[in-house]
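Report on one structure; see the data block that follows.
Bear in mind these aren't lab numbers, they're just calculated from the coordinates by the rules spelled out. Because the structure is predicted, anything quoted here is derived from the model rather than measured. Positions of Cβ are generated from backbone atoms using ideal geometry, with glycine treated the same way; all protein chains shown enter the neighbour counts.
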Amino acid sequence: MMKSKIMAFRIKPVLLVLCVIASLAPSFAQKPTPHTSFKPGGEWLDTDGKHIDCHGGNIIYVDSLKTYYWYGEHRGQPRGASCYSSKDLYNWKNEGVVLDKGEIEIFERPKVVYDAAKQQYVMWFHYDGNRYTVAELGVATSDKPTGPFVVQHHERPNGHESRDIGMYLEPDTKKAYIGYAADHTNRTIRMVELSDDYLSTTTNDVDIEAHCEGPGILKKNGTYYLLTSGCSGWTPNPATYYTAKNILGPYTKQGNPFVGDAGNNSFNSQPCYIFKIPGYKDAYLYMGDRWNGGGRPDSQYVFLPITITEDGKMELHWYKEWDLSMFTPVKK
Ligand code: DGJ
């Protein structure tokens, strides 16, 4: 009897040490090795070692904070908009759900722009009912990049249906535009100019006769390039790009910019945004979602460089892995 008591006394500190080691082990194990490249379609963990849940969104760079912010649909619980921050575009820290969609039935494709005059972050998004028939734009604001964002209003821009959205910010004038999949269940894309404070749509709103979802916009050498997907739900399809000399058109249809056989399903992705990376010459980042047939939280991302060729064609080539050394840094 006496002996077993002594044994128990001796075992306890050993157990305690083992418990401490066991409780620390997962946190050591989960810390991922920092990323030094993009791996399109591959596993992409945040700085906590968790899958990045940030779909259909956009990236902004906040110069004063020397930080990139990536916004997107948080498709896990709670549903809404997630935000991640990064210093290098490869490694992302989860800043949490910055807009909880609450009663909104469908919340998709958030796009954020910063209004320097009001020092306010403005988020536009696809606001809908569960059968995609409400088809509106929603707008929310926050005084911090990491939220919380508060919904201000939702509307059909100039009476038009609006579903998938893209955004373009003109660097010189700071005018912002939303490209939106519109009317008769996305038969066309329209482009609408926002007010100077980005809080409402103006009547500069045109049908650019582009088919039909996932719009992303870039400008090079005075030409606007509008990249769109076809309409096939969550299934990838061939993309099409259009060019124009004016953001509001007229646009000319060009073709599929994704090169090669796998380009016929946009490298198994759907466009959501084109981010012009600051500090590099002509560094256009294609942001695409690999939905895997459904908008699940674990859907992947296809990030690739976009090339505008000497003769003005848009091209996307497949890279299994790539990094920013592909671009030429701009001297400050
Ligand atoms: C395709 C759109 O691009 C997505 O954002 C989403 O709305 C799905 N359709 C729903 O089927």
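Numbers at a glance
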item	result
Check: the chain dipole with +1 on Lys, Arg Cβ and -1 on Asp, Glu Cβ, in debye	1560 debye
Sequence-distant residues sharing a close amide H with Phe303 (under 5 Å, placed H)	Gly41, Gly288
Computed [θ] at 222 nm, helices only, for the chain once each DSSP H run of length n ≥ 4 contributes -39500 (n - 2.57)	-3000 deg cm²/dmol
Length added when fully stretched, Asp197-Thr36, from 0.36 nm per residue minus Cα-Cα	54.3 nm
Computed Kirkwood radius, in angstrom, where 1/r is averaged over Cα pairs of segment 241-332	14.7 Å
Distance histogram for the chain (every C-alpha pair counted, 10 angstrom bins, percent rounded to whole numbers)	6, 26, 34, 20, 5, 4, 3, 2, 1, 0
Label-point separation, Ala262 to Lys144 (7 Å along Cα→Cβ), nm	4.0 nm
Inter-probe distance in nm under a simple model that places probes 7 Å from Cα toward Cβ, at Thr223 and Gln152	3.5 nm
Stretchable slack from Asp48 to Glu315, in nm (0.36 nm times residue separation minus alpha-carbon distance)	92.7 nm
Mean separation of Cα contacts under 8 Å, 6 or more apart, over the residue count of segment 177-332: relative contact order %	15 percent
Length gained when the stretch Glu209-Val330 is fully extended (0.36 nm per residue, less Cα-Cα span)	40.0 nm
Estimated distance in nm for a label pair at Thr133 and Asp63, the labels positioned 7 Å out from Cα along Cα-to-Cβ	4.8 nm
Between 0 and 90°, nearest 10: helix 2-30 axis offset from the chain longest Cα axis	10 degrees
Residues whose placed amide H lies under 5 Å from that of Gly57, excluding near-sequence neighbours	Glu73
